[in-house]
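J.: First the structure, then my questions, so here it is.
The values are calculated or read from the model by the stated rules, or taken from the named source; none is laboratory data. Everything numeric in this text was worked out from a predicted model, so none of it was measured. Heads up, the Cβs are rebuilt from the backbone with ideal geometry, glycines too, and the neighbour counts pull from every protein chain shown.
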Amino acid sequence: MQKSKILLLLSLIIGCLVLPSAKAQDLLVGTSVALTGKYARTGQEQLHGFQMWVEDVNKRGGLLNRHVVLKYYDDESKPETGVKLYEKLITDDKVDLLIGPYSSSVTMAASAVAEKYNMPMISAGASASEIWQRGFQNIFGLYTPANTYMDQVLEFAHAQGLTRLALIYENTEFPRDVASGVRAKAKTLGINVVFEEEYGKASTDFSSMLIKMRRKRPELVIGGSYLPDSTAFMRQAKEYFLQAKIFAFAVGPGLPDFQTSLGSDAEGVMGNTQWEPNLQLPGVQDFATRYKARYGIEAAYHAAGGYGSGQVLEAAVTKAGSTDGKKVAAALRVLDINTTFGRFKVDATGRQIGKPGYTIQWINGQRVLILPAAVASRAPVYPFPTWR
């Protein structure tokens, strides 16, 4: 009896010693995701992309022969929450690697934490130019820069002879950067900004703005926006019978929810996209098919960006042969690879320079790739249909 008690005690002691050692072999990848708040819809898609990459990399044997575990928290779409969470991931959870959050505003805040601890961060869902203008050494972009988002739409508008532009944008980092790029590009094309207005974060009432905008008779309306504000604006544009030949918005139209929310009123609206499921790139069809089978919806670019960020991280760690921050950062600076999301190559600041952006339009209830012409599924529908 006494001997059995001793054996039991020894087994418990050995178990306590072995279990932490086994967990310590896991390679922790830390991130925050917007599961609540304004960016919840896009944040959830990005998380799904992360999770699919983690499953796939573990099927390939993990990273550096270690099982990969994704450690994440809800940042509530708030920069201040993102800061706290990345501090926690680095100091409490002791993560080995970092992937950035969704939105430029949260990434701006979170990347300062990564820089403080000298840990490289893949920016998986942000494109504001300001992120890469601070001299940081540890933030590496995946997205095409925001100030180029509407270049294709403006070039198309110029080709149609349009000269009167209305520009609206939310007063946060990404939309402001979109607007800055629109102003600069419009000037080079001889398109006049006849109306411009900034609005507060989470605004969904555009009635007074629409009344003022109508008086200026714009031919082209461009919005630096997200999903909730772009859908609200289009719904109210119909109510106020705002006529324009082109309506184009950042982010919102690139999501299936845009058409789900607006129905036939989404018809003809253009938007930017970083990726589409019908692009002829390695791995795109496989990812898009598996994503739809798993989640029941077509993948938007936020999901593909989540997956692509994991592929970039995997390639950098493999090249470095280590999770050491300095070695991984050095690998990221020279990395030039094709991922499911597109080409990854950054400049000296860490800003993405390898991949192009694309333009989509809602046509017959489908999100269709229309620009650039070389990869388009069909030509743009022009002009925007008259409100019914």
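J.: Restricting attention to the stretch 185-211, and to residues there that are acidic (Asp, Glu) and part of a strand (DSSP E or B), which single residue is farthest from residue 228 (Cα to Cα)?
T.: 196
J.: Moving to a separate point now. Among the numbered conditions (1) assigned to a strand (DSSP E or B); (2) β-branched (Val, Ile, Thr); (3) touching a residue at least 40 places away in the same chain (Cβ under 8 Å), tell me where residue 182 comes up short.
T.: So residue 182 meets the others, but not (1).
J.: Of all residues being assigned to a helix (DSSP H, G or I) and crowded, with 18+ Cβ neighbours inside 10 Å in the stretch 233-256, which is modelled with the lowest pLDDT? Just the residue, please.
T.: 254
J.: Next question. When the residues of the stretch 357-388 are filtered to those that are part of a loop (DSSP other than H, G, I, E, B) and β-branched (Val, Ile, Thr), which remaining residue is farthest from residue 278 (Cα to Cα)?
T.: Top of the filtered list is 386.
J.: Go through the stretch 126-159 and give me each residue that's touching a Leu at 6+ places or on another chain (Cβ under 9 Å) and either over 13 Å from residue 185 (Cα atoms) or in a strand (DSSP E or B) (or both).
T.: If the condition is that a residue be touching a Leu at 6+ places or on another chain (Cβ under 9 Å) and either over 13 Å from residue 185 (Cα atoms) or in a strand (DSSP E or B) (or both), then 126, 127, 138, 140 are the ones that fit.
To keep it simple, each residue is scored yes or no on (1) at pLDDT below 95; (2) buried (at least 24 other Cβ atoms within 10 Å of the Cβ); (3) within 26 Å of residue 43 (Cβ to Cβ).
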| residue | (1), (2), (3) |
| --- | --- |
| 98 | no, yes, yes |
| 126 | no, yes, yes |
| 134 | no, no, yes |
| 190 | no, no, no |
| 196 | no, no, no |
| 203 | yes, no, yes |
| 208 | no, no, no |
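J.: Quick check: is even one residue across the stretch 263-275 over 25 Å from residue 376 (Cβ atoms) and surrounded by fewer than 16 Cβ atoms within 10 Å (Cβ to Cβ)?
T.: No: zero hits.
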